[in-house]
1. What fraction of the DSSP beta bridges in the chain is antiparallel, stated in percent and rounded to the nearest 5?
2. Testing the spin-label approximation: label points 7 Å from Cα along Cα→Cβ at Leu933 and Gln399. State their distance in nm.
3. Kindly state, as a whole number, the per residue volume in cubic angstrom of the convex hull around the alpha carbon atoms of the chain.
4. Once both labels are modelled 7 Å past Cα along the beta-carbon direction, what's the Arg750-Lys135 spacing in nm?
5. From the Cα gyration tensor of segment 741-928, with a ≥ b ≥ c the square roots of its eigenvalues, which class applies: rounded if a/c is under 1.5, or else prolate if a/b is larger than b/c, or else oblate?
6. For segment 96-152, which trypsin sites (Lys or Arg not before Pro) are in a loop by DSSP, counting at most 15 other Cβ atoms within 10 Å?
7. Name the residues whose placed amide hydrogens come within less than 5 Å of the amide hydrogen of Leu809, ignoring near sequence neighbours (fewer than 5 apart) on the same chain.
8. Sort out for me the Cα centre separation of segment 181-247 from segment 69-123, rounded to whole Å.
Amino acid sequence: MRRFSILIILFAFIISPVAAQQEAPQTSLNHYVEFLSQSSELVIYRFKMLRNYQDDVTRYRKKPDYGLRLPSSGPLEEFYYKKAMGGLGVEAGKRKQLNAGLENVWNVLNKLDETCKTLETYVRLKDYERDNLKKSDALGTEIQSLFERYAHDKNALYTQIRQVYGDVQNRPVTDPYVVTEKAMGEVIASQQRLLEALPYYLNEENKAEWPVALVRQSMLDDEKALATIGNTASQLQYPASDMVGSFKSALASMQDIKRRALDDHNFAAQQSAQHGNAVYLSLVEQFNHDMLEFYKAFVGYSKPGHLLLNYPFFSPVMKAEGSAEVADAGRGTPPFQDKSFQPLNVKKANAPASAAIIKTLNQYVDWINQSLRQMHLLQMIVRNYQSSAEYYRDPSKAQKRANLSYSHDDFKLPFSEYTLLLNASSAIPEPYRKSVTGQTEVLMNVLQEMDGLSIELIRYTSEKRYLQDQLKRSDAILDRYLVLFDVLDKKKELLYNDIRRIHESYPNATPTSSWYIAGSAMLKTIDNGHDVMFGMRDYLKGEASQLPETDRLEADSRQLIADEYKNMKGLQRYGRSNGLCPYTPYEDLGANAGRFAESVQKYKPARSGYAAHPYESFYYFYNNELVYEYNNFIELSKAGLLKTINQPDVFAFRRTNPQKTDAPPVKIEEPKVEKPKAEKPVETTAQVQTNTSEVPAAPKPPVRQDTRPLTNEGAPSPLAQVKRDTVYVERVRVDTVYVDRNAQLQNVTRSLEGFAPNNMVLLLDVSSSMNSPYKLPLLKCSIKSLLTLVRPEDMISIVLYSGKARVVLKPTSGAKASEISRMIDLLQSDGDTDGNEGIKLAYKTANKQYIRAGNNRIVLATDGEFPVSDEVVDMIRQNARQDVYLSVFTFGRNEHTGQKLKKLSQLGMGSYAHVTDASADLQLILEAQAKKLAGK
């Protein structure tokens, strides 16, 4: 028996090299790649360690009693190194070269590990207290250089691996797996080139240059790849074919990060390296743990017939410190570059427009809407600045006050959308393209001048130049803003009219579909509502002596309701709580059109001293109750329809006369124009009876146009007639006001698949009164239930308002759910309630992380009511109209009977729910499912 055992052992020794030789070359090469990915994970861990340690060092230098700490790292793992070294599937000569490169990487990794452990020991011994951080700085510099050495040696080894892979790969280049591998590889290589060009600076406080042009070009390259990647998926077997779509989704996520990075790179972001660093880390995380993971799954699922090669994780590096050049502070902002355009000669097309043309035309509308969203934000900022600045007109009194300040941190030029729009404009026929792209460029120029004026105001106030010129330059800038707001308003109207005319020049591909019939009826209502809106503007400006006629709008309201079942025949009705139901926007537009007409006829001039301009209510109603409903219907439709744009609040910013006293500026009153008596009573929506009989539709009025150029002051020629002037504040609302949605909990699906990305700010009351089994524990349970479902694209923030309101968790990706969970575990009840400041801080946090077409939502969790100021109430109302909603959760043994919190949720267009033990684990999930992805 013993002799037999010895024979078996000898046999195993004999055949083991043979078995190793039978290992496929691609498999052995993937062992090398696996080692590089695992070692890159270690480098990333060390990278984050050094970054966090540097933050601690910065605090320590400012406050030496703050101790430094570094976690113990443990021994270096050798498993993957030995596994790669022992692979015998590659020919001996080439294996020797690969192992030499492998040894280089391993040596650098060991050196990095040794240096980091030296730093750990240094910190644990508190030697920094003895040498004033001298050795700490030296070790930090060495670690940074080792990051670079590792990245260099890793890339060199992978280049060798690919060369060997090319020699052993013998499948035809037309093989769909090889074609798909090549297409994915080109995308991966493109992302790596960008990451290698992006800087990461250890000291975030310094100004640093950021390669805007590179990110912009990468975004355009992604757009091309998204249009072609996945064309071979149908030729692949499942599940490899499914991974192609997942890889494409990962690329789209990379694209979203770049878009936000470009738009967020505003003046405030350029004052430090923080923005660039955050973008860098987000892209690295998305690249390694999303894109490469899906590619790895594709390679795995392609076996055994197709042995493909993986890609190693990207390893980050830190750049040398640098600084950006500071522009000349004394130089004024140049006027925007204007252009004149000939009237667009639109000809009727014989065939329907392609899907690409329809998509591009709607992109133009979306860009106009986003531009005007930013203009409205700037109107609010300069209005607030103007009221503050008046206190500083007298230099002798101004010196006794705190410094005058100005900032426009939240203003962001829609640069990424503009770039993608110009790229997509190639779909528009050449005769029209030059005109619409040129007009878009002028609008962008106007926005850039607005941005430049704000930057000038920042320098003007920070250098206290108002003490020297008694606000002379400030007045000139505000006067210029008044002109620019009007110019942008008029010019976007001309652009929209041209976009509309191009769209209407094509016959519709499905003229008998209910989508087209209903959409056309709704557009007729929008057009008449637009005329009423413009009439109201003229009346309040004093340019018209009578209120606008509303007969046609009232008739449209009745007609939409009467023809509902005829117009909507064949379209699925899902119910009001479902954001995919086309009946909801159709019905709401019909009813709201009647209410809008009624509000115009009932208008009476306000008494003297009226704080808000009366136009504001019409502005919000028209945008949110008419245009929003129409655009919502268009997004749901499949009939090649065109969205419309909203109207700006042309009275939002008005110039005040300089004050000679120290009193605050006086509010400008509206024009005093007598209201004529209505010729007939206005019929309310409630009085309208639904009629299913056929009513002949009124003929569609012709589109009025004025394509004559404006002067640089924005004044058209006297005979200018413009029919449409709309401001679209981009919103994708699914539910408006949810009040007590607990009844829906039984139908909650524990998944966020198919739902829009979340930007959720948890505004938590952790005051002493929350210390109860029915309160804080249930709150933690609710949050942790959501954390089991969140995705990398979901962003969670936490704001506490016990004692002083503060952000305890900055916007954090769902990929870091464990970190968020640890923060939840640390919550304790203490302090008093400061609800007003908490709400303000929550909205500031939500708007900074605003996700277009996402679920932007603040969830206020509390156990009781608190006084809410008028300022905060107005903030809640305005933000809800800007697609940032407020939901309220209450906690306690018994359901709350107070109405203030419920009214806040209604103002914030969010839900109101009392959380119990039975509903705690589902309530927050329901909030995260408030909005579905477009097209889902």
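Coordinate-derived values only; no laboratory data. Nothing here was measured: the structure is a model prediction, and the numbers come from that model. All Cβ positions, even for glycine, are placed from backbone atoms using ideal geometry, and neighbour counts span all protein chains on display.
1. 25
2. Reported label-point gap for Leu933 and Gln399 is 6.3 nm.
3. Per-residue hull volume (Cα only) is 231 Å³.
4. 5.2
5. Details: a/c = 1.24, a/b = 1.10, b/c = 1.13.
Verdict is rounded for segment 741-928.
6. Lys126
7. Those qualifying (amide H under 5 Å, at least 5 residues apart or on another chain) are Ile798.
8. First find each Cα centre; the distance between them is then 28 Å.
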